[in-house]
1. So, with a 1.4 angstrom probe, what is the percent of accessible area on segment 89-223 that is carbon and sulfur?
2. Please list 3J(HN,Hα) in residue order for segment 183-193, calculated via the Karplus relation 6.51 cos²θ - 1.76 cosθ + 1.60 where θ = phi - 60°; whole Hz, with x for glycine and proline.
3. Looking at segment 130-223 from every direction and averaging, what is the projected area of its Cα convex hull in nm²?
4. Hey, how many Å between the Cα centroid of segment 83-100 and the Cα centroid of segment 34-78?
5. Given a 1.4 angstrom probe, what's the average accessible area per residue across the chain, in square angstrom?
6. Over the chain, what portion of Cα pair distances is larger than 22 Å, expressed as a whole percent?
7. Along the charge dipole of the chain, which of ALA219, LEU60, LEU193 sits closest to the positive end, that is, farthest toward it, with unit charges on the beta carbon of Lys, Arg, Asp and Glu (+1, +1, -1, -1)?
8. Per residue of segment 140-157, in order, report the coupling 6.51 cos²θ - 1.76 cosθ + 1.60 (Karplus, θ = phi - 60°) as ³J(HN,Hα) in whole Hz, putting x for Gly and Pro.
Amino acid sequence: MYVTLSAENRPVHGLLTAHGTTIAGLPTLVKAGQHLYREGDDVERLYQVSTGVVRLTRMLEDGRRQVISFGYPGDIIGFPADGRHHTDCDALVDTTLVAYRRAALDTGEGDPELHLALLEAALREISAMQDHVMMLGRKSALERVASFLNVLTTCYGEDVDMHRRIDLPMSRSDIADFLGLTTETVSRAFTTLRKAGVMSLDGAQTIIVRDPEALSEMAMGDD
């Protein structure tokens, strides 16, 4: 999940053939806090998130962490780099995934429609990643946080009393490491959005967006 990916471009739940049927894969369950794979592991399967949320991270040599992305339902994760995983992947909550053999991407072995679907998913991820990098270089801290919340609430939130509500399984430090900010800066941005009446908190991890239009405008850099 990248903060530049719009709701209209979200992948569907389950890879679909041209006939609208779901391509079979192997179901996989990862408990909260457990790793699906680690950086450097050989890539044997690709995964599409069915339920739950996973976190993809990399560690620098000096111990600093970068959150590369979050995997939400519909996202496909685990694309190889030189045949190996280039991130760690752990579950933030109990997560179910559908696993597909890597050979289906490399050679189209067994099902050409699955090969095409995975290839298209890989191309979407590359495009979204490029947009994400541009966002990190050009948007202010407040705009980054607003973009993050805007995508999450638009794509995965629920309507509650004329507002949008979503539970965040990630910590403030996770959000900071994803957006290239400090935890303190993320907390200040939350406070700014709350004082402006754009959102409110229901506990530490539940966000209620009270003015979706204003949040969208702030994400785009409009005053």
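1. With neighbouring chains kept in place, the figure for segment 89-223 is 52 percent.
2. 4, 5, 5, 4, 4, 5, 5, 4, 5, 4, 5
3. Mean shadow area of the hull around the Cα atoms is 5.7 nm².
4. Here the answer is 5 Å between Cα centres.
5. 51 Å²
6. Distances greater than 22 Å cover 52 percent of the Cα pairs.
7. The residue sitting farthest along the positive end of the dipole is LEU193.
8. Per-residue couplings from phi come out as 6, 4, 5, 5, 5, 5, 4, 4, 4, 5, 5, 5, 4, 6, 5, 7, 10, x Hz.
The values are calculated or read from the model by the stated rules, or taken from the named source; none is laboratory data. Only a predicted model underlies this, so the values are computations on that prediction, with no experimental measurement involved. A quick note on method: Cβ atoms are made from the backbone with ideal geometry, for glycine too, and the neighbour counts reach across all protein chains shown. Areas reflect the complete protein model, heavy atoms only, side chains present, ligands, DNA and RNA absent. Shrake-Rupley method; radii C 1.70, N 1.55, O 1.52, S 1.80 Å.
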